[in-house]
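Notes to accompany the following structure.
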C-alpha cells in the first residue's frame, strides 16, 4: 500500500491561530498519476501543498511522502526530501535579478558540482522541454505570464523530481497558455515518471489531463473520483462547482444577518 | 481614555514580540552562516550591493561635511585666536562622531532601504518560499551573505567618509582660508589618539553596521506579502535604524569617552 | 564576464576603505609616536600640573621630543609625579629643567624642556629636579590683585 502511493495524508488537521483551515483531510496520491485538488478560493488548497512540502506542520494527523513522516524530519532531512520535489508557484516566483538561464541553473548550481558545460546542456534541455530555449538570455521581467510560468516549470524539474506540485498553474493566463501549460504538466509527468499534484480552480483545463480529482470545500474533502465520475456526480455542491453556478450549496451571500434585519424590514420591537 | 491605555499596552506587547522575533531571526541567520565561508563569492556580491553602490553618496557627503566643518570651525576658532586648532576640531569630530554616525545614517537610507526592498520583494513574490522548496535555505543563501556584506562594508564606508571629511576640512582651512598647513596637521596629530579616537570610531561603525543591516533584513523578512507592505517596511527600516544608530551612539559614547 | 567587474569594484572599495583607515591611523592620529621600545623614561615633580593630561607632548625649543606617559600623585610630598617618555634620539643634560606651558591662551598644556649645562646626560629612570608648575589663572589674578592692593596704600603715603 505504501509502495503504491507516493503521498499520503491521514486525518490531517491544520489551523492558523486557532482558525481551522483543514479538517480531517484524507488523501492518497499514487505514483505516476496526475492528481487535481479543486475547490473555491480560500478553502485551504494551497495549505495542503505547503504541508506536503514541509513548510507548514499539521496540527494533527500525518503527512507521509515516500513513506517518511514529513513533520518528523529535522532541518537536514527535510531539505534532503525537498531536493526530490519540485514546486511551481502561483506566479512563478522566478528570481528577478537572475536571467532565465540562471534561474533554471540555480538548483543545479546549489545542489550539484557539475562542470559548467554540463550545467549548460542540462539547462538548455529543460528549457527546450518547455519550448523556451530561445529565451535563455532574457530577464524574468521581459517574459509574459505564461512564459514565466513555463520557465518556473523548467526550474521545478531541473533536478528531475519524483513529485511535482503546482499551485494554481492556470491563474491569469490566456486560453492558449492554459492549453500549453496543461499539456506540459501531463507530458512532463509521464516523461519523468513523476507524480504531479495540481491545486486549481480551473475545471476545464484540468479535467482533460488529470487522473483523479479531489474537491475541497471549507477545509474538507467533499468529493473525489476520476474526471468522469466527477462529471457524472449528482452531489449538488460538485455540480455547482463543475458548472460554475452562482448560487447553490455554496451561497452567493457572505454569511451574516438576514436581509430583512439589515434593511430594517422586520418589525422593530 | 481606557482605549488609549489599551492601545499603548498593545503597542508595547507588539514591540516586545517583534523584538523577540528579530532576535530569533538573527540567531538563525548567524547559525546558518557557514555557507558564507564556503562560498565567499556570495558575500563579495553583497559587499558590492551594500558597499560599492553606497560609495558615491558617502564620498560626496563626507567631503561636504568636512567643508562645512572647516568653515564653521574656522569662524568659531578665529574668535579665540586659535585657528590652528582647526585640524583638531575637524578630525576629532569626524573620527569620533560624525564619521560613524552620519555614514551609518546614509548607509541606512541607501543600503538599508535597498536590502529591505530586496528581501521584501523576494518574500512577497514567493521567491524565498520557492528557494525553500528547492531545498536551498534562504537564511544561508540570501540573508546571511547580506548581513556579512553589510557588516564588512559599513566600517570601511565610515573610514572613507572620515578621510574625505578631513580632506574637505583641509581644503577649506588650508587651501582656501590659509591656515598654516603644518599647524593644521601637527595639531591634529597631537590630539587625535589612535586607540582612544580612531579605534573607538571604528568600533562604533562596526556596531552601527551590524545594527542597521540586521534591522533592514528583519524588516524585509517580516514584511506582509503585499506591495504596500514592502513600501511601509522600507520606511520603517530607515526610521528604526536611524533611531537605533543615535541611541547606540549615545550609549557607546558615554562608555568610551567619559571614562577616565 | 560580469563577475570580474563586481570583483574589481569590491576590490577597489575594500582597498579604498583600508587606505582610509590607514590615513586616519597614521596621518590624522598619532600612531607614530615614541613607542616604549624606542625611548627612555624620566620623572619630574610639579607642585601643580594644571590641566596637563597623559599623552600631552613634551617639547624642547618647540620640537616634540616625547610624550607624557603617566601622571600620579605623591601622597607624602603632596606633589604630582609626571613620567615622561622621551625619544632615544634626543639627549638632554642632567640638569635640564621642565615647565608646564600652554599653547595659546586657551590651548592645551604641554611640557617644555630646557637643556642645562651638565656634562652628564639624562638616563632612563632619572628625575628632573628643576621644575616649574603650571600657571593657574585664578592664582595669577589673585596675586596680581594682592600686589595692587599692597602697592596702593604705600604709594598714597609717599604723596
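The values are calculated or read from the model by the stated rules, or taken from the named source; none is laboratory data. Keep in mind that this is a model prediction, so the values were computed, not measured. Using ideal geometry, Cβ is built from the backbone for each residue, glycine included, and neighbour counts are taken over all protein chains shown.
Numbers below:
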{"quantity": "Among residues of the range C:1-21, those that are in a helix (DSSP H, G or I), surrounded by fewer than 17 Cβ atoms within 10 Å (Cβ to Cβ) and modelled with pLDDT under 85, counted", "calculated": "5"}
{"quantity": "Helices (runs of 4 or more DSSP H) (entirely within the range A:130-213) containing at least 1 residues that are buried (at least 17 other Cβ atoms within 10 Å of the Cβ), assigned by TED's automatic domain parsing to the domain that holds residue A:32 and touching a strand residue (DSSP E or B) at 6+ places or on another chain (Cβ under 7 Å)", "calculated": "A:175-192, A:203-209"}
{"quantity": "Scope the range A:4-45; condition within 18 Å of residue A:65 (Cα to Cα) and free of Cβ contacts under 8 Å to residues at least 40 places away in the same chain; matching residues", "calculated": "A:4, A:5, A:28"}
{"quantity": "Conditions (1) surrounded by fewer than 23 Cβ atoms within 10 Å (Cβ to Cβ); (2) under 30 Å from residue B:184 (Cα atoms); (3) facing another protein chain (nearest Cβ under 10 Å): number failed by residue B:131", "calculated": "(2)"}
{"quantity": "Check on residue C:86, at pLDDT 85 or above and within 13 Å of chain B (Cβ to nearest Cβ)", "calculated": "no"}
{"quantity": "Breaking point among (1) buried (at least 17 other Cβ atoms within 10 Å of the Cβ); (2) within 7 Å of chain B (Cβ to nearest Cβ), for residue A:91", "calculated": "(1)"}
{"quantity": "Subset of the range A:102-160 (residues that are within 14 Å of chain B (Cβ to nearest Cβ), without any contact (Cβ under 8 Å) to a residue 40 or more places away in the chain and closer than 23 Å to residue A:186 by Cβ)", "calculated": "A:126, A:160"}
{"quantity": "Residues of the range B:9-46 that turn out to be closer than 16 Å to residue B:211 by Cα and surrounded by 16 or more Cβ atoms within 10 Å (Cβ to Cβ), as a count", "calculated": "4"}
{"quantity": "Residues of the range C:96-105 satisfying the condition of being at negative phi, at pLDDT below 85 and over 10 Å from the mean Cα position of the chain (by Cα)", "calculated": "C:103, C:105"}
{"quantity": "Any chance residue C:123 is surrounded by 10 or more Cβ atoms within 10 Å (Cβ to Cβ), in a loop (DSSP other than H, G, I, E, B) and modelled with pLDDT of 85 or more", "calculated": "no"}
{"quantity": "Residue B:225 vs. criteria within 14 Å of another protein chain (Cβ to nearest Cβ), in a loop (DSSP other than H, G, I, E, B) and in contact (Cβ under 8 Å) with a residue 40 or more places away in the chain", "calculated": "yes"}
{"quantity": "So residue B:108, is it touching a helix residue (DSSP H, G or I) at 6+ places or on another chain (Cβ under 6 Å) and away from every other protein chain (no Cβ under 11 Å)", "calculated": "yes"}
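Residues are listed down the side, and each one gets a yes or a no for (1) modelled with pLDDT of 85 or more; (2) in the same structural domain as residue A:19 (by TED's automatic domain parsing):
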{"position": "A:56", "(1), (2)": "yes, yes"}
{"position": "A:63", "(1), (2)": "yes, yes"}
{"position": "A:68", "(1), (2)": "no, yes"}
{"position": "A:71", "(1), (2)": "no, yes"}
{"position": "A:74", "(1), (2)": "yes, yes"}
{"position": "A:78", "(1), (2)": "yes, yes"}
{"position": "A:92", "(1), (2)": "no, no"}
